[in-house]
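The values are calculated or read from the model by the stated rules, or taken from the named source; none is laboratory data. Given the structure is predicted, the values throughout are model-derived calculations rather than measurements. Heads up, the Cβs are rebuilt from the backbone with ideal geometry, glycines too, and the neighbour counts pull from every protein chain shown. In case anyone asks, the SASA skips ligands and DNA or RNA and just uses the protein heavy atoms, side chains included. Shrake-Rupley method; radii C 1.70, N 1.55, O 1.52, S 1.80 Å.
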Amino acid sequence: MAKKPQQPTTTAVPTAPTSRIPRVTASRGVMIASYLLMLAALLLVMWEHLLPGLLCVCIGFLATRWFARVLTGGLRRIPSLGKHAEGWAGVLAVILVLLGPIALVTLLLSQAREYIVDAPDQYRELLDYTARTVLELRSKLPGEIAAYLPEGAAEIQRVIANYLRAQAGSLAMAGRAWLHGLLFSYVGLIVGSLAAVAHAPLLRKPLAEQLHQRVETFGEAFGQIVAAQFWIAAFNTLLTAIFLLFIMPMWGAHLPYTPALITLTFLAGLVPIVGNLVCNSVITLVGLSVSPVTALACLIFLIVIHKAEYVINAKVVGARTQMSVWELLAVMFVAEAVFGPAGLVAAPLYYAYLKKELQAAALV
């Protein structure tokens, strides 16, 4: 009887452990907790006036990521860096983002030094001009109305001094608020730039993973708003250039520093709503140095553009974020009524984020 050939024995080879990171599924309670924490954080930003810091966190994050991508491509061409190119690119990107605002402020202060030194002479010239204008009004108005006007430069200076003395507390508070906002803005820039180059953990716990998704969605909404705001700033700059270069010269008024004012309009216009107010306020002050009529024309321009930006902002942002003009306008008006100008700035961003979350949950 023939033997059956024995089957060769095979030894099991141990397989290498998979490198795939296990994904932790979140329960419904964890998801709800992440939504509530995100809501609390966004409301805290509005209640504690931290909106500049939040915006600068997003700006620092996006700017650092962009600089890092650009620098990585250039540094990889250097043979000595090799695989360390990405790390060095991140370090250089953080340095650029953090030192850029300091260099810009230093440059502006160096250019504005002569204006600061000449400020007393300009104040005296403005005071004399105002006194001459008031005296002309006193000679043309009825006596019972003219009696309420100051009699000369000394009287006008006394009125200004009394007003500043009465508003000293408000002015000091406003100054502290500006310093507070600048401080938190720069801290936000630091946080955003460092977060952009931080290494992500290999595994996040359920709540951390859900919060990471909330923050990612908020970042996507911010990116869309920034892209839309670029076109809004370009449109505002075009209107300002037409006003300063064509309309004002037709009236015989030429504003000084016109190229600088147009550049300021674009840079400040990148900040929603508030940037438009700031740059047009500067234009109005420059117009006041020419004549009161010129300042009045600039002020009318400020009011018209400010109101028109409601519709422009809603139209452009709505097209970028798939939101209707009417709903974004309604959100902007309500947010301004509740939180003031900060609500007007935050409304497009917050509503874009809310709608993205609702769309991700298939609720709208």
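Observations on the model:
- Take residue 209: with every protein chain present and a 1.4 Å probe, its accessible area is about 40 Å².
- Heavy-atom accessible area, probed at 1.4 angstrom with all protein chains present, ranks 180, 84 as 84, 180, highest first.
- Spin-label model distance (nm) - residue 49 vs residue 278, 7 Å beyond Cα toward Cβ: 1.6 nm
- Where labels lie 7 Å past Cα in the beta-carbon direction, separation of residue 109 and residue 190 in nm: 1.8 nm
- The simple Förster model, with R0 at 22 Å and r as the Cβ-Cβ distance, assigns residue 220 and residue 333 a FRET efficiency of 0.30.
- Remark: the residue 304-residue 199 segment gains 33.1 nm on full extension, using 0.36 nm per residue and subtracting the alpha carbon distance.
- Annotation for residue 241 and residue 296: the two label points, set 7 Å from Cα along the Cα-Cβ direction, are 3.0 nm apart.
- Mean Cα-pair separation over length for the range 207-293, i.e. relative contact order, pairs under 8 Å, 6 or more apart, %: 29 percent
- If R0 is taken as 22 Å, the Cβ-Cβ distance between residue 326 and residue 364 corresponds to a FRET efficiency of 0.90.
- Residues in the range 57-75 reached by a label modelled at residue 86 [backbone nitrogen below 17 Å; 7 Å Cα→Cβ]: 64-75
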